Amino acid sequence: MVCIYYNIGLLGGLHNSNAPLRGASLADFPCMKNAYLITQQDYILEYGSMLELPFEKYPSAHRIDVAGGALFPSWCDSHTHLVFAGSREHEFVDKIKGLSYAEIAAKGGGILNSAAKLQQTDEQELYELASERLSELVQAGTGAIEIKSGYGLTLEAELKMLRVIKRLKENSPVLIRATFLGAHAFPNQYRDNPDSYIQLILSEMIPAVAKAGLAEYIDVFCEKGFFSPEQTVLICEAGKKVGLRPRLHANQLSVSGGVQVGVSLHAISVDHLEAMDEESIRVLGCSATIGTLLPNASYFLRMQDAPARKLIDAGAIIALASDFNPGSAPSGNMNGVIAQACIRMRMLPEEAFNAATINGACALELESKCGSLQAGKFANFFITKPIPSLAYYPYAFGSNLINKVVLRGKEIQ
Ligand code: NIG
Ligand code: FE
């Protein structure tokens, strides 16, 4: 079926190229005012100015009057921990009372708390919880998403998480990428013998994940008190051998060397980057590795934000993602993420849109399928209420401006 969306007040994200945007080019978010867009089945067919609306070319097309609203490519959220068993608002209160992220982790909270809950939760329930969260994100404009394991921390529980992600892939219109994150934290029983957990990851988990074809990527929390740069290299090299490309949690709590490790491993991305020195900024700026910023986490943990402006000036490729997880970022809403990027990190609205669409798609290696409005890509977009300008969207940060969501050419109710 052909659908013509007409009377679009602002059509945004009209990139001709799928190359990731860096430096000054990040501020170029091509838009057209007063436009139409045509879809056929799952895909975008063409777009243009309302002055050339081709109704007569498609006489039997379904016509949708957008009534002056904006139409933007769906968000591409390249870093989430969407599959988890339960919330952790007790830690939220502990943080209000002054405990740090590291102190909460040391008390046996944090990731290990989520792992204990997840190990006891059955697969069907985990699937239902995750599926409900994903539906909520779809309504908030997300059309592509990366989801990590990492709350299992045993072979069986990690595989359980990855099977849940596989089911989400099969049953959701959202484009989904799966990442194996067995190296998220050391389980308590390995505290005195961390090397044997590394061995478990290398000799059992990675081969089992690869054999079952359950992940595209491998991730490591490269951080003081978690996994060292050396351990990160060992794990990622083993992953690479079986086709799992690295993407890392790097420089979240300290200048951990994670950025340098990620760049030398040719990681698709290094994510977080709250703790950056000049050298890490320079190294990332000269690389093809994407720097994924997660303002939800720094906001929620009351930490300094990643130095977005310095990274952009250094030429780094910047993506924005939600980090949706129960501990450091209990929201997957990308509308909030771009608003925070503008407000707290001083990214321009155009830069934030690009970082959360085309550059996010590049971080998911899905740039040929989504991330911009281009003929032949999936018809994945959302339509807003009429807005006076692009900048209004992050400016009006508390308003839900989305009127309609379309994924693979179909309106999501
Ligand atoms: O990306 N930093 C490591 N992992 C998550 C937090 C996980 C948790 O606290 O449960 C993050 O922020
Ligand atoms: Fe994360």
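Values quoted throughout were computed directly from the atomic coordinates according to the rules given, and no laboratory measurement underlies them. What you see is a predicted model, and the numbers here were worked out from it, not measured in a lab. All Cβ positions, even for glycine, are placed from backbone atoms using ideal geometry, and neighbour counts span all protein chains on display.
Some observations on this one:
- Highest-first packing order for the peptide set 137-145, 58-66, 281-289, 253-261 is 137-145, 253-261, 281-289, 58-66, based on the mean count of other beta carbon atoms within 10 Å.
- The overall shape of the range 65-223, judged from the alpha-carbon gyration tensor, is oblate: a/c is not under 1.5, and a/b is no greater than b/c.
- Dipole magnitude of the chain about its Cα centre (Cβ charges: Lys, Arg +1; Asp, Glu -1), debye to nearest 20: 420 debye
- Each Cα pair under 8 Å and six or more residues apart adds its sequence gap; the mean of these over the residue count of the chain is a relative contact order of 22 percent.
- When Rg and Dmax are taken over the Cα atoms of the range 217-263, they come to 9.8, 30 Å.
- The phi torsions of the range 9-25, fed into the Karplus equation with coefficients 6.51, -1.76 and 1.60 and a -60° offset, translate into couplings of x, 8, 10, x, x, 8, 6, 8, 10, 9, 5, x, 9, 9, x, 4, 5 Hz, rounded to whole numbers, with Gly and Pro shown as x.
- Sorting 303, 347 by the number of Cβ atoms found within 10 Å of their own Cβ, with the fewest placed first, yields 303, 347.
- Note on the range 46-153: dipole from Cβ charges, positive end direction compared against 78, 50, 104; the farthest Cα belongs to 104.
- The chain: angle of helix 229-241 to the longest principal axis, Cα-based, in degrees nearest 10: 60 degrees
- Spin-label pair residue 124-residue 190: with each label point 7 Å from Cα along the Cα-Cβ axis, the two points sit 3.1 nm from one another.
- Residue-averaged [θ]222 nm for the chain, counting only DSSP H segments that reach four residues, each worth -39500 (n - 2.57): -9500 deg cm²/dmol
- Computed from Cα atoms, the angle from the helix 110-119 axis to the main principal axis of the chain rounds to 90 degrees.
- Kirkwood's formula applied to the C-alpha pairs of the range 1-64 gives a hydrodynamic radius of 12.9 angstrom.
- Between residue 413 and residue 2, the distance separating the two model label sites (each 7 Å from Cα on the Cα→Cβ line) works out to 2.7 nm.
- Lys-Lys pairs in the range 76-363 that are eight or more residues apart or on separate chains and whose Cα atoms lie under 21 Å of each other come to 23.
- Between helix 155-171 and the chain there is an angle of about 10 degrees, using the helix long axis and the longest principal axis of the Cα atoms.
- Between residue 240 and residue 167, the contour length at 0.36 nm per residue exceeds the Cα-Cα span by 23.9 nm.
- Overall form of the range 76-363 per C-alpha gyration tensor (a/c, 1.5; a/b vs b/c): rounded
- The range 1-76, relative contact order [Cα under 8 Å, separation at least 6], %: 49 percent
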